[in-house]
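Presented below is the structure to which this report refers.
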Amino acid sequence: MGPMPDPDGPPRQETVEEQRGEGYQRRKIPFEAEPGDLVPAWLLVPDRPHPRRPAALCLHQTTKIGKDEPAGLGGRPNLHLAKELAQRGWTALAPDYPNFGEYRCDPYARGYTSATMKGILNHARALRLLASLEGVDGRRIAAVGHSLGGHNALFLAAFEPRVAAVVTSCGFTSFRRYMGGDLRGWSHSGYMPRIASEFGCDPARMPFDFTHVFELIAPRPVFVNAPTGDDNFDVRGVREVLEAVRGRFPPGKLKAVYPACGHDFPAAAREQAWSFLEGAL
């Protein structure tokens, strides 16, 4: 992924648009991840007043509309994650990942080794933004995501101790189980090109796997949604990773559900995820 820059303090941001939602207010707030680099994002703030509420950074899947999907403005209703959490009383922030939604950014022109690390830096800055907001408890911020957002939530938590809990949906499998061990899907410019250039897309040559990512997150609470029919992330590899790391987590802090569906985050699994977060934070 390359080295992580210092995320520094809360970024500069401004509100450029406001909308009313059902039980919350939605604000478009581009924030400055780095000098001259504004990341478009939606901030969802519940109507109910609360002196120190929990917050969630909600990361989108691979979808052209980017942040609009978790914010409830399009895409699949099962993935309106920020909207659902705001309606449950959480402050939720949904940013665009590089080159999705409204965000155009060349991480390599900015000196990054991977788009993955640029995403981690942006999301670490978003955490600081959330923690700086009035009414948010900076000790109770979760990272939540599906698919692309599912592994980005894990990567952020591995690098960033400010993440207090994680919900990852359809976000990973062991590298040897990914597409039969063909890692080309991880090695394009939107992820980590060194997986191809340095390690030949070969799981046996990879210097890390998701077991190591989970070890870096432990003992913080993690909820995993891993459908049995997910054709992106083989559930066998998910089970192998979780079995290998379970001893690193206190009882009840690592929970997984395996719904009988494809690459999705169905309602029953989401209800369990939100209940898990509420219990943890």
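The values are calculated or read from the model by the stated rules, or taken from the named source; none is laboratory data. These numbers come from a predicted model, not from an experiment. Note: ideal-geometry Cβ built from the backbone for every residue, glycine included; neighbour counts use all protein chains shown. What goes into the accessible areas is simple: the full protein's heavy atoms, side chains included, and nothing from ligands, DNA or RNA. Shrake-Rupley method; radii C 1.70, N 1.55, O 1.52, S 1.80 Å.
Quick check: convex hull of the Cα atoms in the range 136-281, volume per residue, rounded to a whole Å³? Mind dumping the intermediate values first?
On the way: hull volume 15.6 nm³, N = 146.
It is 107 Å³ per residue.
Taking only protein heavy atoms and a 1.4 Å probe, the accessible area of the range 195-251 is 51% carbon and sulfur.
Computed extension length for Glu14-Leu216: 69.4 nm, one decimal, from 0.36 nm per residue of separation with the Cα-Cα distance subtracted.
Peptide packing: for 81-93, 218-230, 260-272, the average count of neighbouring Cβ atoms within 10 Å per residue gives the ranking 81-93, 218-230, 260-272, highest mean first.
Label-to-label distance, Ala196 versus Arg139, with points set 7 angstrom from Cα along the beta-carbon direction: 4.6 nm.
Computed packing ranks the peptides 41-51, 116-126 as 116-126, 41-51, most packed first, by mean other Cβ atoms within 10 Å.
Here's the picture: a label point sits 7 Å out from the Cα of Ala260 along the beta-carbon direction, and within the range 160-174 the residues with their amide nitrogen under 20 Å of it are 170. Ordering Leu38, Tyr258, His188 by the projection of their Cα atoms onto the charge dipole of the chain, which places +1 on the Cβ of Lys and Arg and -1 on the Cβ of Asp and Glu, puts Tyr258 at the extreme positive end. Given axes a ≥ b ≥ c from the Cα gyration tensor, I'd like to know whether the range 83-126 is rounded (a/c under 1.5), prolate (a/b larger than b/c) or oblate. Judged from the Cα gyration tensor, the range 83-126 comes out prolate (a/c at least 1.5, a/b above b/c).
Of the whole protein surface, Ser197 contributes about 90 Å² of accessible area at a 1.4 Å probe radius. Between the beta carbons of Arg236 and Glu278, assuming R0 = 35 Å, the FRET efficiency works out to 0.70 to the nearest 0.05. As a length-normalised measure over Cα pairs under 8 Å and 6 or more apart, the relative contact order of the range 38-126 settles at 33 percent. For the range 108-179, the square roots a ≥ b ≥ c of the C-alpha gyration tensor eigenvalues yield an a/c of 1.5 or more together with a/b not exceeding b/c, which makes the shape oblate. Quarter the surface of the alpha carbon convex hull of the range 239-281 and you get the mean projected area, 3.6 square nanometres.
Here each label is just a point 7 Å from Cα along the line to Cβ, and for Ala268 and Arg48 those points are 2.6 nm apart.
Principal axis analysis of the Cα atoms in the chain yields extents of 50, 42, 32 Å, listed in decreasing size.
Pairs of alpha-carbon atoms within less than 8 angstrom and 6+ residues apart define the contacts here; what relative contact order does the range 127-281 have, in percent?
23
When peptides 156-162, 132-138 are sorted by average Cβ neighbour count within 10 Å, with the highest value leading, the order is 156-162, 132-138. With 0.36 nm allotted per residue and the present C-alpha distance subtracted, the Gln25-Thr62 stretch has 10.8 nm of extension available. Excluding residues fewer than 8 places away in the same chain, name every one of the lysines whose C-alpha is closer than 24 Å to that of Lys64. The reachable lysines, counting only those whose Cα sits under 24 Å from Lys64, are Lys28, Lys83, Lys118. Panel note: the C-alpha atoms of the range 44-187, placed on their principal axes, show extents of 49, 32, 28 Å (largest first).
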